[in-house]
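A short worksheet on the structure shown next.
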Amino acid sequence: MRVTTTGRRRPTPADPSPEPVPGGQAPSGTDRDLPPELGPNAIGVLDGLSFMLSDAVGDVPPGSIGGLVHEDTRFLSRWQLLLGGVRPLLLGSSSVDPFSAAFFLANAELPELPANRIGIRRQRFVGEGMFERIAVQCFADERVPIELRLAVDADFADLFEIKEQLRDRSGQIVRQHVADGSQLCFGYENEGFTARTQVLAIPPATRIEGDDLVWDLDLHPGESWQVELHVPLRYVNIDVVPTRREFGEVFEVGGGGNDSTSRWRASRPDVHADSDLLCDVYHQSVADLVSMRVEKEVSGQRVVITAAGLPWFLTVFGRDSLITAYQAMIGGPELARGTLLTLAAHQATELDDFTDREPGKMMHEYRSGELTRLGVKPHNPYFGASDTTQLWLVLLSEYWRWTGDDQLLHDVRDNAYAALRWIDEYGDSDGDGYVEYATRSSQGLGNQCWRDSWNGVQSADGTIPVLPIATCEIQGYTYDAKLRMAELADGPYADPELARRLRAEAAELADRFDRDFWLDDRGGYYALGLDGDKQPIDAMTSNMGHLLWSGIVPAERAAILARQLMSDQLFSGWGVRTLSTGDRGYNPIGYHLGTVWPHDNSLIAHGLARYGFRAEANRIIEAMMEAARYSDNRLPEAYSGYDRSFGRVPVPYPTACNPQAWASAAPLLFLRTMFGLEARDGRFVLDPDVPERFGRIQLSRVQGFGQCWEIEVNRRQGHLRLVA
């Protein structure tokens, strides 16, 4: 808390709304991280806006953060299997793919049955609800009569409550079951918000006791038995198009299935390379992006956009979705198109303090749980981000460069011009030429940049700055957005006066930025931001790399930034840390205080390559790909920032989203960076620089300018071939 001489508190990201807020309106308190009751090997499976999170045995104990969640509402809060009244022993479990998981168990020691005489396999699949198959097989020498019990409950908690503080709804939940044991039902209604959970069992349970499904089994030696359970989900939002797949269906690039998801997956570019690691990471990334893919109806068009990540962010996030679509451009332009249209449809047209809404601003986060629908939470949608509007313009330009789709540009012309007005009129609220942020909402975010934790923006000595704050990368995004819009104004928008004005404003911003943000201390670097007193926030961070990506850095400064980013203070050996080890706030397991984020590193590497530092970019790419090897070829939201010498493997960040969209898309941008692939003036430009260890790389079915291309590179040689 910062206090003025008059005793009034000044807002900071840690205390963004100093005025008292009426109590009892919404959960509050510290967000819960992955708790001990699920354990470090918790397993999540997901599809679009649905996920099931359990412990390694496959159980969801009561009171945990686990369960089956769809569109921010928990439809199962308990799902526990007992054999002979005892929890089974874990033999092994893992995700099979993002949609499914398998759990291998055995009976525990029972009074008349030694351990490991009955094998149990649970197969779980999410897609149009949850499916689970439980199969048991008897390995005993004689007949075994035994009870199999599944304890079930549904609390219909809002996702915000699961993370913070639960409200007891038990008195409003209606429980029913079908007499033949085939179905359990839970229903809830509150002020027009309704939710329903059905658990369907084939074969039916022998009996239902309370909320437990019970089967009395009589197993002979070698005999097998199984039950299939289905928990269908009512899709609350009518604009979400559900997908349907079959139990155990395996997805491969270029094959399988005739549903929309399979067809979309099959049309993605496929990679063949000398490096198995590169291929494995790429294919895992594509699978994860498919799992987070959401189809929506926008203005009569079916579009695709990604949810942000499992478990807390399976919804549309403006910043995450925009960056993911940019990273994944090499994988096809449909994701960018869907993201642009979806956000344009939700662009703000009025002022509203509770939602941080301002005319022309693009949304930050959309939620559809009970608290949001009843107006307790401001997320329908919430607009607390000061970079999504510029990133929307950046993606609009990138989409057009790759497709030449003039029609879409004309369809969203009013949105683009409104976004420009927001930058100048609301983003730069005090007229100093920089886009700042400070929430007006009683439940608003304190930090409205990508480092959005309460302490993600701090000075080198650990001081939390006062609001409003102008972070450096937001100015870079603004610079890039204005130059890109000038290009569109010269082209399809046919507005040369606007183009001249935007280029002049961008040049002025670059000069002013270099003067106000550059610090000569510690060998030279850009401050993280300017605080509410226009003083530099002097932390040394990875955000400098975003400045290279946006192009706002003068050529003479680029070598200094490259050296800083690759220094021991910032580069861990697995990637660039979010905060220098020389800063007081450094913490290798602090969310934005020293961790290594793959999406962050993908933008940094692309920025380094933009300024000609290909060796440094490749060093980051190689490190990230090696890190993925130790996490099943998947890049999670973040790794701990411990130095590579600390251990032989990267140390996981304990509560990382996994998968997370912009982490999953990072390998696609890594490929593009190594290829030196850019779309310019209606053609592809290829300038490869591939590390020797990756050898030859061939990427097929690359979409650009309405045609299909094949790209093949080997070290610094490469060629493009039109295939359709």
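The values are calculated or read from the model by the stated rules, or taken from the named source; none is laboratory data. Computed from a predicted model, the values in this text were never measured in an experiment. Reconstructed Cβ throughout: ideal geometry from the backbone, glycine too, with neighbour counts over all protein chains shown. All accessible areas refer to the heavy atoms of the entire protein, side chains included, with ligands and DNA or RNA removed. Shrake-Rupley method; radii C 1.70, N 1.55, O 1.52, S 1.80 Å.
Mind listing just one residue for me: the one in the stretch 411-447 that is among the hydroxyl-bearing types (Ser, Thr, Tyr), open to solvent by less than 10 Å² (accessible area, probe 1.4 Å) and part of a loop (DSSP other than H, G, I, E, B) and, of those, nearest to Ala470 (Cα to Cα)?
Tyr434
Return the only residue of Ala499, Ala507, Ala555 being surrounded by fewer than 23 Cβ atoms within 10 Å (Cβ to Cβ), closer than 30 Å to His410 by Cβ, out of contact with any Asp or Glu (no Cβ under 9 Å at 6 or more places or on another chain) and not basic (Lys, Arg).
Going through Ala499, Ala507, Ala555 in turn, the sole match is Ala507.
In contact (Cβ under 8 Å) with a residue 12 or more places away in the chain, surrounded by fewer than 24 Cβ atoms within 10 Å (Cβ to Cβ) and of a type in the set (Gly, Ala, Ser): does that describe Ala336?
Against the criterion (in contact (Cβ under 8 Å) with a residue 12 or more places away in the chain, surrounded by fewer than 24 Cβ atoms within 10 Å (Cβ to Cβ) and of a type in the set (Gly, Ala, Ser)), Ala336 does not qualify.
Could you count how many residues in the stretch 571-598 are out of contact with any Leu (no Cβ under 8 Å at 6 or more places or on another chain) and either surrounded by 24 or more Cβ atoms within 10 Å (Cβ to Cβ) or of a type in the set (Phe, Trp, Tyr) (or both)?
Final tally of qualifying residues: 7.
Residue under question is Ser645, and the condition is that it be in contact (Cβ under 8 Å) with a residue 60 or more places away in the chain, over 22 Å from Ser321 (Cα atoms) and assigned to a helix (DSSP H, G or I); does it hold?
Yes; evaluated as a whole, the condition is true for this residue.
For the stretch 297-327, give me the residue count where each residue is among the small types (Gly, Ala, Ser) and closer than 19 Å to Gly404 by Cβ.
Within the stretch 297-327, residues that are among the small types (Gly, Ala, Ser) and closer than 19 Å to Gly404 by Cβ number 1.
Restricting to strands (runs of 3 or more DSSP E) lying wholly in the stretch 93-186: which have 2 or more residues that are at pLDDT 95 or above, open to solvent by less than 20 Å² (accessible area, probe 1.4 Å) and farther than 20 Å from Pro221 by Cβ?
100-106, 118-126, 130-138, 144-153
Starting from the stretch 536-561, keep only residues that are on the phi > 0 side of the Ramachandran plot and modelled with pLDDT of 95 or more, then list their pairs with residues that are hydroxyl-bearing (Ser, Thr, Tyr) and open to solvent by 10 Å² or more (accessible area, probe 1.4 Å) whose Cβ atoms are within a distance under 8 Å, requiring at least 6 positions of separation or different chains.
Gly551/Tyr479
I want to confirm something. Restricting to the stretch 652-688 and keeping residues that are under 22 Å from Tyr591 (Cα atoms) and either of a type in the set (Asp, Glu) or part of a helix (DSSP H, G or I) (or both), which single residue is nearest to the chain's Cα centre (by Cα)?
Ala661
The rows are residues; the columns are (1) without any contact (Cβ under 8 Å) to a residue 60 or more places away in the chain; (2) within 23 Å of Ala308 (Cβ to Cβ); (3) touching a Cys at 6+ places or on another chain (Cβ under 6 Å).
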| site | (1), (2), (3) |
| --- | --- |
| Gln347 | no, yes, no |
| Arg357 | yes, yes, no |
| Lys361 | no, yes, no |
| Ser386 | no, yes, no |
| Trp400 | no, no, no |
| Leu408 | no, no, no |
| Tyr417 | yes, no, no |
| Tyr426 | no, no, no |
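Rundown of residues vs (1) polar (S, T, N, Q); (2) more than 26 Å from Met292 (Cα to Cα), yes/no style:
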| position | (1), (2) |
| --- | --- |
| Ser93 | yes, no |
| Leu105 | no, yes |
| Asn116 | yes, yes |
| Gln123 | yes, no |
| Gly127 | no, no |
| Gln137 | yes, yes |
| Ala151 | no, yes |
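What do you reckon, is Asp353 surrounded by fewer than 24 Cβ atoms within 10 Å (Cβ to Cβ), out of contact with any Leu (no Cβ under 7 Å at 6 or more places or on another chain), modelled with pLDDT of 95 or more and not polar (S, T, N, Q)?
yes
Regarding Ala494, is this residue part of a loop (DSSP other than H, G, I, E, B) and surrounded by fewer than 20 Cβ atoms within 10 Å (Cβ to Cβ)?
yes
Being surrounded by 24 or more Cβ atoms within 10 Å (Cβ to Cβ), touching a strand residue (DSSP E or B) at 6+ places or on another chain (Cβ under 7 Å), in a helix (DSSP H, G or I) and of a type in the set (S, T, N, Q) is the requirement here; does Ser321 meet it?
yes
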